[in-house]
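Working notes, structure below.
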Amino acid sequence: MRKIIFNSVLIAALFLSANLFAEDVKFSTGTYQEILDLAKSGNKTIMIDFITDWCKWCVETDRKVYTDPKVSSYANENQINWKIDAEKGEGPELAKKYGVKGYPTIIFTNSSGDEIDRIYGYLPADIFLTRMMDYNNGVNTYGDLKNKLETSPDDPELNYLMAEKISSNGLDGDVKVYLNKTISADPGNLKGYTDDAKFMLAYMNEDAAELQRLIGEYPESNKVKDGYMNLASYYEDKNDPVKADELFSKAFSVFGENDFDLMQNYGSLLLGRAYGTMKNENAADKDRENALITLEKSIKYVGGTVNEASAYYIMSELYLQLKDIKKAEESIDKAISIYDKKSYRDQKDKITKLRAEK
């Protein structure tokens, strides 16, 4: 069962200057040491945004999070904000120093460079703002939870929050220990975290049957939506797209047709199906045509995000395989208009060359 990251879907990005997407968060320039010195002079928190040339969700963070007025206002007033490409210059060494495992990873540190906490993967602006404010105030951080657990090691809420912190931020630690402690400390679910802990254990154990059972037993749990998405991913991996579609249909009926998490995860699942056909050299033309229908369907779910560009790129390649150069060019032009990426430009050049040869 694939882990759902958008986190599941959860989630790749392009290193772009602030000017390209007119970011409202102001990012300082300079070396790591210069950023530390700047933070010390103003006694401010540092926000280090680790990105790469290939990370799509870093681009989405630039477009939809750093341009949010509330996010930018708070970040600019309270922090020194700095971007670093994890694969260039000081990036690799710093990524190793902070244990960065995926992108985007956004590390919050004190003025000495000691980590306060992190955001791993894409978060919508409102959730990002809450996390950022908490970290600046030393609330709900890894260190805060660790200190509280030393005082109250059997508290079910604290154990669950620590498990979620480690899992969602890609940190080292035995998540299952905290989840099992949550369950054993509150078997009656009086604090309301035991059900969530059981869901997380089922994800980690890749136990589809248990997930299905938990959805029925705890329909009001905060983790039911994740349960549907993980189950759908499980059946997609088992080559049962009909069952995967049924699960998403059920989830949309429960959480609404416009639920962001469901839309992005289902859209990504559809993109994955079409991509598989695109990469299959033995695919029949009928398979490619069906993949194009799947991509058209995916636009409903990924429209307005960088994944829409991915959909048009895959369309372009499938049309080329079907020898429809005109539609291939139309599709790649749409992809480039959404996300001007080197691989998309390369596709455009390939199509232009083929057209010239005809």
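Tabulated results
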item: The stretch 41-56 - residue that is surrounded by 15 or more Cβ atoms within 10 Å (Cβ to Cβ) and over 9 Å from Asn81 (Cα atoms) and, of those, farthest from the chain's Cα centre (by Cα); result: Lys44
item: Residue ID - farthest from Asn110 (Cα to Cα), chosen from residues in the stretch 45-71 that are out of contact with any Phe, Trp or Tyr (no Cβ under 7 Å at 6 or more places or on another chain) and among the basic types (Lys, Arg); result: Lys56
item: Test: Lys279 is farther than 23 Å from Asn239 by Cα, surrounded by fewer than 20 Cβ atoms within 10 Å (Cβ to Cβ) and not β-branched (Val, Ile, Thr); result: no
item: Unmet criterion (only one of (1) over 24 Å from Thr305 (Cα atoms); (2) not in a helix (DSSP H, G or I)) for Glu257; result: (1)
item: Those residues of the stretch 179-222 which are in a loop (DSSP other than H, G, I, E, B) and touching a Lys or Arg at 6+ places or on another chain (Cβ under 8 Å), in sequence order; result: Tyr218
item: Number of the exception - Leu171 against (1) under 24 Å from the mean Cα position of the chain (by Cα); (2) in a helix (DSSP H, G or I); result: (2)
item: Residue within the stretch 106-124 that is in a helix (DSSP H, G or I) and of a type in the set (Lys, Arg) present; result: no
item: Single unsatisfied condition, Trp57 versus (1) of a type in the set (A, V, I, L, M, F, W, C); (2) within 30 Å of Ala163 (Cβ to Cβ); (3) not in a helix (DSSP H, G or I); result: (3)
item: Enumeration of residues in the stretch 61-84 that are buried (at least 24 other Cβ atoms within 10 Å of the Cβ), in contact with a helix residue (DSSP H, G or I) (Cβ under 7 Å, 6 or more places away or on another chain) and in a helix (DSSP H, G or I); result: Ala75
item: Some residue of the stretch 279-289 being in the same structural domain as Glu317 (by TED's automatic domain parsing), under 19 Å from the mean Cα position of the chain (by Cα) and either of a type in the set (A, V, I, L, M, F, W, C) or in a helix (DSSP H, G or I) (or both); result: no
item: Count - residues of the stretch 25-39 that are surrounded by 16 or more Cβ atoms within 10 Å (Cβ to Cβ) and either touching an Asp or Glu at 6+ places or on another chain (Cβ under 6 Å) or assigned to a helix (DSSP H, G or I) (or both); result: 5
item: Identity of the residue in the stretch 125-142, part of a helix (DSSP H, G or I) and farther than 13 Å from Thr45 by Cα, that ends up modelled with the lowest pLDDT; result: Tyr142
item: Qualifying residue in the stretch 112-123 (condition: over 20 Å from the mean Cα position of the chain (by Cα) and basic (Lys, Arg)); result: no
item: Among (1) modelled with pLDDT of 95 or more; (2) on the phi > 0 side of the Ramachandran plot, the one test that Gly304 misses; result: (1)
item: Residue satisfying all of: in the stretch 143-168; assigned to a helix (DSSP H, G or I) and hydroxyl-bearing (Ser, Thr, Tyr); nearest to the chain's Cα centre (by Cα) among these; result: Ser168
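The values are calculated or read from the model by the stated rules, or taken from the named source; none is laboratory data. This structure is a prediction, so every number in the text was calculated from the model and none was measured. Note: ideal-geometry Cβ built from the backbone for every residue, glycine included; neighbour counts use all protein chains shown.
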